[in-house]
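Structure, as C-alpha coordinates:
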Amino acid sequence: MNAMIIDPKDNVAVAIEPIAAGDTVTYLAQGESVTLTAAQDITIYHKLATRAIAQGEPVVKYGEHIGIATAPIAAGAHVHVHNVVSPQEDRQAKE
(Lines give C-alpha, C1' and ligand atoms only; values in the text may rest on other atoms or scores of the structure.)
Protein backbone atom coordinates (compact mmCIF):
# COMPACT_ATOMS: atom_id res chain seq x y z
CA MET A 1 0.00 0.00 0.00
CA ASN A 2 1.42 3.34 -1.02
CA ALA A 3 -1.75 5.47 -0.82
CA MET A 4 -4.89 5.68 1.30
CA ILE A 5 -8.47 6.83 1.25
CA ILE A 6 -10.67 7.29 4.31
CA ASP A 7 -14.22 7.41 3.00
CA PRO A 8 -15.92 5.52 0.14
CA LYS A 9 -17.05 8.91 -1.27
CA ASP A 10 -13.41 10.00 -1.79
CA ASN A 11 -12.32 10.55 -5.40
CA VAL A 12 -8.72 11.24 -4.38
CA ALA A 13 -6.20 9.14 -2.48
CA VAL A 14 -3.31 10.45 -0.40
CA ALA A 15 0.20 9.19 -1.19
CA ILE A 16 1.79 7.75 1.95
CA GLU A 17 5.16 7.50 0.24
CA PRO A 18 6.64 9.21 -2.85
CA ILE A 19 5.16 7.75 -6.04
CA ALA A 20 6.82 8.05 -9.45
CA ALA A 21 4.93 8.43 -12.74
CA GLY A 22 4.17 4.95 -14.05
CA ASP A 23 4.28 3.32 -10.61
CA THR A 24 1.38 1.17 -9.47
CA VAL A 25 -0.65 2.90 -6.78
CA THR A 26 -2.33 0.55 -4.31
CA TYR A 27 -4.83 1.46 -1.60
CA LEU A 28 -7.72 -0.14 0.29
CA ALA A 29 -11.28 0.86 -0.56
CA GLN A 30 -14.02 -0.73 1.54
CA GLY A 31 -11.67 -3.59 2.46
CA GLU A 32 -10.66 -4.31 -1.14
CA SER A 33 -7.24 -3.67 -2.63
CA VAL A 34 -7.46 -1.21 -5.54
CA THR A 35 -4.67 -0.43 -8.00
CA LEU A 36 -4.12 2.21 -10.66
CA THR A 37 -1.14 3.68 -12.47
CA ALA A 38 0.29 7.03 -11.39
CA ALA A 39 0.07 9.45 -14.31
CA GLN A 40 2.59 11.83 -12.72
CA ASP A 41 5.07 11.94 -9.87
CA ILE A 42 3.17 12.33 -6.60
CA THR A 43 4.91 13.83 -3.57
CA ILE A 44 4.34 12.08 -0.24
CA TYR A 45 1.10 13.31 1.42
CA HIS A 46 -0.18 14.83 -1.83
CA LYS A 47 -3.38 13.75 -3.53
CA LEU A 48 -3.98 11.78 -6.72
CA ALA A 49 -7.23 11.14 -8.54
CA THR A 50 -8.66 7.65 -8.04
CA ARG A 51 -10.81 8.11 -11.14
CA ALA A 52 -11.30 10.75 -13.81
CA ILE A 53 -12.64 13.98 -12.30
CA ALA A 54 -14.43 16.38 -14.66
CA GLN A 55 -13.84 20.12 -14.70
CA GLY A 56 -16.29 21.68 -12.24
CA GLU A 57 -16.75 18.44 -10.28
CA PRO A 58 -16.21 18.43 -6.50
CA VAL A 59 -12.96 16.95 -5.19
CA VAL A 60 -13.68 14.76 -2.16
CA LYS A 61 -11.07 13.81 0.48
CA TYR A 62 -11.84 12.18 3.86
CA GLY A 63 -15.51 12.22 2.82
CA GLU A 64 -15.51 16.03 2.61
CA HIS A 65 -15.82 18.35 -0.38
CA ILE A 66 -12.44 20.12 -0.40
CA GLY A 67 -12.60 21.93 -3.73
CA ILE A 68 -13.68 22.07 -7.35
CA ALA A 69 -11.65 20.74 -10.27
CA THR A 70 -10.59 23.69 -12.46
CA ALA A 71 -9.66 21.36 -15.34
CA PRO A 72 -10.27 17.71 -16.20
CA ILE A 73 -8.13 15.46 -13.98
CA ALA A 74 -7.20 11.99 -15.22
CA ALA A 75 -7.16 8.94 -12.97
CA GLY A 76 -3.72 8.72 -11.36
CA ALA A 77 -2.95 12.43 -11.87
CA HIS A 78 -1.65 14.77 -9.18
CA VAL A 79 -4.47 16.77 -7.56
CA HIS A 80 -3.27 20.06 -6.09
CA VAL A 81 -3.59 23.86 -6.41
CA HIS A 82 -2.81 23.75 -10.15
CA ASN A 83 -6.09 21.94 -10.90
CA VAL A 84 -8.34 22.54 -7.85
CA VAL A 85 -9.80 25.66 -6.30
CA SER A 86 -10.81 25.48 -2.64
CA PRO A 87 -14.44 26.21 -1.68
CA GLN A 88 -13.29 29.43 0.02
CA GLU A 89 -11.46 30.59 -3.12
CA ASP A 90 -14.50 29.65 -5.20
CA ARG A 91 -16.79 31.76 -2.96
CA GLN A 92 -14.42 34.76 -3.11
CA ALA A 93 -14.24 34.57 -6.92
CA LYS A 94 -18.06 34.80 -7.12
CA GLU A 95 -18.28 37.87 -4.86
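The values are calculated or read from the model by the stated rules, or taken from the named source; none is laboratory data. Since the structure is predicted, the reported quantities are computational estimates derived from the model, not experimental observations. No Cβ is skipped: glycine too gets one built from the backbone with ideal geometry, and neighbour counts run over all protein chains shown. Keep in mind that these areas ignore ligands, DNA and RNA; they rest on the heavy atoms of the full protein, side chains included. Shrake-Rupley method; radii C 1.70, N 1.55, O 1.52, S 1.80 Å.
Brief remarks on what is shown
- Residues Asp41, Asp23, Asp7, sorted by accessible area with the largest first, give Asp41, Asp23, Asp7 [1.4 Å probe; ligands and nucleic acids excluded].
- Rolling a 1.4 Å probe across the protein heavy atoms gives the chain an accessible surface of 56 Å² per residue.
- What the Cβ-Cβ distance of Ala21 and Ser86 gives, at R0 = 41 Å and to the nearest 0.05, is a FRET efficiency of 0.95.
- Relative intensity, log₁₀ I(q)/I(0), of the chain from a Debye sum that treats every alpha carbon as a point, q = 0.14, 0.16, 0.18, 0.25 Å⁻¹: -0.45, -0.59, -0.73, -1.30
- Surface share of carbon and sulfur [accessible, 1.4 angstrom probe, percent] for the chain: 52 percent
- Accessible-area ranking of Tyr62, Tyr45, Tyr27, largest first, probe 1.4 Å: Tyr45, Tyr62, Tyr27
- Charging the Cβ of each Asp and Glu at -1 and of each Lys and Arg at +1, and nothing else, the dipole of the chain about its Cα centre rounds to 120 debye.
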